[in-house]
Amino acid sequence: MGIRPIKVLLVEDNPADQLLAREIIFAAYPEALITVVDNGEKAIDAIEYCTEPDSPDIVFLDLNLPRIDGHEVLERIKRKNQQTLVIVFTGSTSEMDIAKARKFDIVDYIIKPIGMKELEATIVRVRMHIESIFR
């Protein structure tokens, strides 16, 4: 009997950061099913127009996105389903961005770029968040 795959929505416009996020997710949970969108508008569409069985279990979200910014995406995600786990994966070190994101009960705030030591710690944290889905 295998572990059910988790559904991850990766919202990131930078291809190099998409690759890094995918590596983190797969290192933490190889069975993950990842959908990638590259702007806030597509992220909102992916969230708003999916039915409950297709909803992501976890969202990796950049804040600095084209079309609609990550804060608006985060608000819409939480409005649709408070239980969706959100990990902010962004280059923003702004205290205002961090506080605004934490207001929506995110599970982690990862600042890019990250070094190897931070990458390993991030993988462990992501694994813990994913495991919480199955409790």
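Just to be sure, is PRO56 surrounded by 15 or more Cβ atoms within 10 Å (Cβ to Cβ) and at pLDDT below 95?
Criteria met by PRO56.
Condition check ((1) more than 13 Å from ALA21 (Cα to Cα); (2) without any contact (Cβ under 8 Å) to a residue 24 or more places away in the chain) across all residues:
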position: ARG79; (1), (2): yes, yes
position: THR84; (1), (2): yes, no
position: VAL88; (1), (2): no, no
position: GLU95; (1), (2): yes, yes
position: ASP108; (1), (2): yes, yes
position: ILE111; (1), (2): no, yes
position: MET116; (1), (2): yes, yes
position: THR122; (1), (2): no, no
position: MET128; (1), (2): yes, yes
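Just give me the residues in the stretch 14-51 being under 13 Å from the mean Cα position of the chain (by Cα), among the charged types (D, E, K, R) and in a loop (DSSP other than H, G, I, E, B), in sequence order.
Selection gives ASP38 alone.
Of all the residues that make up the stretch 73-112, how many are of a type in the set (Asp, Glu), within 14 Å of the chain's Cα centre (by Cα) and at pLDDT 95 or above?
Here the count works out to 1.
Hey, among the residues in the stretch 1-26 that are closer than 19 Å to ARG127 by Cα and surrounded by fewer than 16 Cβ atoms within 10 Å (Cβ to Cβ), which one's modelled with the highest pLDDT?
Checked the stretch 1-26; the qualifying residue modelled with the highest pLDDT is LEU19.
The values are calculated or read from the model by the stated rules, or taken from the named source; none is laboratory data. Please read these numbers as outputs of a predicted model, since none were measured by experiment. Virtual Cβ from ideal backbone geometry, glycine too; neighbours counted across all protein chains shown.
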